[in-house]
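Heads up, the thing below is written out as structure tokens.
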Amino acid sequence: MTRAGVIIVGAGQGGLQAAISLRQQGFADPVTLIGAEPGLPYQRPPLSKAYLVDGNAEALTLRPQSFFAAKDITYLPEAVVEQIDRPARQVVVHGADGPRRLPYDHLILAMGTRNLRPPIDGLDLACDLRTLQDAGRLRDMLRTERRIAVIGGGFIGLEFAAAAGKQGHKVAVIEAAPRLMSRVLSPLMSHHFARLHGEWGTALYMGQPAVGVDGGGVALADGTTIAADLVLVAAGVRPNTGLASEAGLTVDNGVRVDASLRTSDPAISALGDCASFPDPRSGRHIRLESVQAATDHARLIAARIAKGQDATYAAVPWFWSDQGDKKLQIAGFAGPEATEEVVSDGIVARLDAKGVAAVETIDKAGVHMKTRRLLSGHASVSLEQVKELAAA
Ligand SMILES: Cc1cc2nc3c(=O)[nH]c(=O)nc-3n(C[C@H](O)[C@H](O)[C@H](O)COP(=O)(O)OP(=O)(O)OC[C@H]3O[C@@H](n4cnc5c(N)ncnc54)[C@H](O)[C@@H]3O)c2cc1C
């Protein structure tokens, strides 16, 4: 009997990795990778960093066209999966030739996220930064001198602010929370980066939500107006889960998966930014927005499908952000209850009831790598262990 093989919905970082890993693991049945965006799969991290400066789109491509033929992977760009028919094990795909049904034995959901658009008057005047197209548009706008307002003091907004400031533009960052990157970073590191951005010439407005955007700029809740002729909204994301919930899969801040990354339907797995998975450390369901999570999820799912290895996902999360000439790296994942301790200059540990949950470093790649190894090798890591490692 002909096997239908695996269909992957979403050709981003995680979806592509799933296709690559399936072939690496010796999977011989058909693999179909379906992506809504045009062109070849590409990496997003440089869009708010190097690409704004060098404009080198080719450098972002993850695999050349020839790779797909060589590995017998059917890649369908500019094609949107509109429906999952679980009883028939088929998806409805809408591409250039209209809708058609494709069968699957296993389906992998790798649909990523979409930008959150907070309810701010006139926000349709603001730009986004998620896709290569968005970044190209912003790069064109940065060719003329601009007064820029960035709504959102998270990683992407701050990376863009630093890159634009370095090019000589006048930049303001507006953050509704009282500190920068508050969702994932310790207060100590937040304050350190606030100082750095200030030194780089960025005006920071924290603790005040933006309430309106018009041709003249951005209005804040306290009546302050920030003059701007380029407004970027980088106020967080929402997981793409519509397809999964319409198909009756369990969705809760992402497509909910178990420790093997299976959804509530064992014939469907989910990975990366759109998946809510059990954090091996706390047992709580979390959703990460990182290349590491997307690619490690993909490898685990591929090994299960290709070789029947039913492993439990246990990878230690890690993340990086390049802002100005600084590289921030985070090893591990700290929940909201975590406290903070300075380890040494440029190194902060986050602690919870089990010990060190995460270590944040600035420009300390060696310490970051060592803490990643330490955290993955031990169920419980003490502050002293991190101090010793940092001093070595
Ligand atoms: C500007 C920017 C900078 C970033 N910087 C960093 C960084 O420094 N470090 C880091 O670790 N992470 C960074 N990230 C996050 C990182 O890019 C994501 O975590 C990663 O891409 C997640 O991979 P994914 O496969 O889950 O989703 P994505 O790579 O987002 O891919 C999802 C794809 O699915 C497609 N899709 C959705 N629904 C459908 C459908 N129904 N049919 C067909 N296709 C569909 C989407 O169009 C999209 O192309 C950054 C992200 C952005 C936007």
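Tally the residues that are within 16 Å of the ligand (Cβ to nearest atom), of a type in the set (D, E, K, R) and free of Cβ contacts under 8 Å to residues at least 24 places away in the same chain, restricting the search to region 250-301.
Residues in region 250-301 being within 16 Å of the ligand (Cβ to nearest atom), of a type in the set (D, E, K, R) and free of Cβ contacts under 8 Å to residues at least 24 places away in the same chain: 1 in total.
Taking the residues in region 15-41 that are open to solvent by less than 20 Å² (accessible area, probe 1.4 Å) and part of a loop (DSSP other than H, G, I, E, B) as candidates, determine which candidate is farthest from the ligand (Cβ to nearest atom).
Only one residue fits best here, namely Pro41.
Inside region 302-318, can you point out the residues that are within 16 Å of the ligand (Cβ to nearest atom) and open to solvent by 50 Å² or more (accessible area, probe 1.4 Å)?
Trp318
Cβ-Cβ below 6 Å, separation at least six or inter-chain, first residue in region 40-62 and free of Cβ contacts under 8 Å to residues at least 60 places away in the same chain and aliphatic (A, V, I, L, M), second open to solvent by 20 Å² or more (accessible area, probe 1.4 Å) and away from the ligand (no atom under 11 Å from the Cβ): which pairs?
Qualifying pairs under 6 Å: Leu40/Thr61.
Given (1) at pLDDT below 95; (2) surrounded by 18 or more Cβ atoms within 10 Å (Cβ to Cβ); (3) part of a loop (DSSP other than H, G, I, E, B), where does Glu337 come up short, assuming only one miss?
Status for Glu337: all satisfied but (2).
Residues Val91, Val150: which one is in the same structural domain as Leu33 (by TED's automatic domain parsing) and open to solvent by less than 20 Å² (accessible area, probe 1.4 Å)?
Val91
Please list, ordered by first then second residue, the pairs with beta carbon atoms under 8 Å, 6 or more apart or interchain, first in region 196-214 and among the hydroxyl-bearing types (Ser, Thr, Tyr), second open to solvent by 40 Å² or more (accessible area, probe 1.4 Å).
That search, which allows pairs on different chains as well, returns Tyr205/Thr224.
Against the condition within 19 Å of the chain's Cα centre (by Cα) and open to solvent by less than 20 Å² (accessible area, probe 1.4 Å), how does Gln329 come out, does it pass?
No; evaluated as a whole, the condition is false for this residue.
Among the residues in region 341-351, are any among the basic types (Lys, Arg) and surrounded by fewer than 21 Cβ atoms within 10 Å (Cβ to Cβ)?
No, region 341-351 has no match at all.
Condition first: out of contact with any Leu (no Cβ under 8 Å at 6 or more places or on another chain) and on the phi > 0 side of the Ramachandran plot. Can you find one or more residues in region 158-176 that meet it?
Yes: region 158-176 contains one or more residues that are out of contact with any Leu (no Cβ under 8 Å at 6 or more places or on another chain) and on the phi > 0 side of the Ramachandran plot.
The values are calculated or read from the model by the stated rules, or taken from the named source; none is laboratory data. Just so we're clear, the structure is a prediction, and the values are computed from it rather than from any experiment. So basically every Cβ, Gly included, is an ideal-geometry build from the backbone, and we count neighbours across all protein chains shown. In case anyone asks, the SASA skips ligands and DNA or RNA and just uses the protein heavy atoms, side chains included. Shrake-Rupley method; radii C 1.70, N 1.55, O 1.52, S 1.80 Å.
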